[in-house]
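The values are calculated or read from the model by the stated rules, or taken from the named source; none is laboratory data. The model shown is predicted, which means the values in this text are computed figures rather than measured ones. Glycine also receives a Cβ, built like all others from the backbone with ideal geometry; neighbour counts cover every protein chain displayed. Accessible surface is based on the protein model in full, side chains and every heavy atom, while ligands, DNA and RNA are left aside. Shrake-Rupley method; radii C 1.70, N 1.55, O 1.52, S 1.80 Å.
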Amino acid sequence: MRFKKEFDFVGVSKYFYTISIILTIVGIICLSVFGLNYGVDFRAGSNVDISTSKALTSAEVQPILKEIGIGEDASITPGDKRINIRFTEVLNEDQDHALKAAILKLDKTASFEINTVDTEMAKELGRNAIYAVLISCIGIIIYVGIRFEWRFALAAILALLHDAFMVITVFSIFRLEVDLIFITAVLTIIGYSINDTIVIFDRIRENLRFSKTKTHDDIVVLVNKSVNQMILRSLYTALTVFIAAFFLYLFGGESIKMFSLAMVIGLVFGAYSSIFIASPFWVLLKSKQKTQKASNPSKV
């Protein structure tokens, strides 16, 4: 399936490169200034989720925490018949019991879910998350390098790093919580992004077999033709997953809300980068190879 009119994706890529570079600079500044809002998974402390039969407010809970002596650095987030309290320190057994007893005085039907991470566990989780992302990227480089060639692999890695960084930037700007669910979402986005990019690269490789690409213009024509042939399939796939992730964000509940939001953001940037970042970047690398071959025919 393809557009009736051929669109010059490579020709307009310079504008999208500019947009991506600006967003990347904004992201670097935000991460340098604000950092990430790490959840209890990556920061030692206790996270208490309380389900209630009525809405509790911060004003009702704050005096309880002060009375127990654990409210100094606590972050209270009220919701609909639930309230979340995050402590930067690990609650001991006495504090745990005191908190539950005090909340039960406000609501006898309240139920508690307490997650605690100590300092060593938080460091280990952080290291494992970084390893997971790095190993995924290395695996993708090897896979694409074997299946295609290193120029495709480099362009694909650029696109997926772009997508992951954009999601991290949005979470940094809006101070959204980064936890293990977020890492799962980033790994899922990486997988989706590479799949979307590979679909277009596959068509480029297929068309490359039957084309004579001697100049930069020949390569541009080939890539534009390939993207035009695949763009509707790419957009339909992205839109389908986007709709599912969007409604999961709206109605899926608190436990998967951040996962769904990260997926929604990542899917948008994934479709964008496959078309406007990865393919034009491959054109740049391939054109450079043609230029070198023309200037040094004996060395290539």
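Rundown of residues vs (1) at pLDDT below 80; (2) out of contact with any Phe, Trp or Tyr (no Cβ under 9 Å at 6 or more places or on another chain); (3) outside any loop (DSSP other than H, G, I, E, B), yes/no style:
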residue: R2; (1), (2), (3): yes, yes, no
residue: E6; (1), (2), (3): yes, yes, no
residue: F9; (1), (2), (3): no, no, no
residue: F16; (1), (2), (3): no, no, yes
residue: I22; (1), (2), (3): no, yes, yes
residue: N47; (1), (2), (3): no, no, yes
residue: I50; (1), (2), (3): no, no, yes
residue: S53; (1), (2), (3): no, yes, no
Query raised in the report: Quick one: would you say E149 is among the acidic types (D, E), surrounded by 13 or more Cβ atoms within 10 Å (Cβ to Cβ), within 27 Å of the chain's Cα centre (by Cα) and modelled with pLDDT under 85?
Result: yes
Among the residues of segment 106-138, the number that are open to solvent by less than 40 Å² (accessible area, probe 1.4 Å), in a helix (DSSP H, G or I) and either free of Cβ contacts under 8 Å to residues at least 24 places away in the same chain or under 14 Å from F87 (Cβ atoms) (or both) is 1
If we keep only residues of segment 60-100 that are basic (K, R) and either part of a loop (DSSP other than H, G, I, E, B) or in contact (Cβ under 8 Å) with a residue 12 or more places away in the chain (or both), then the residue least open to solvent (accessible area, probe 1.4 Å) is R86
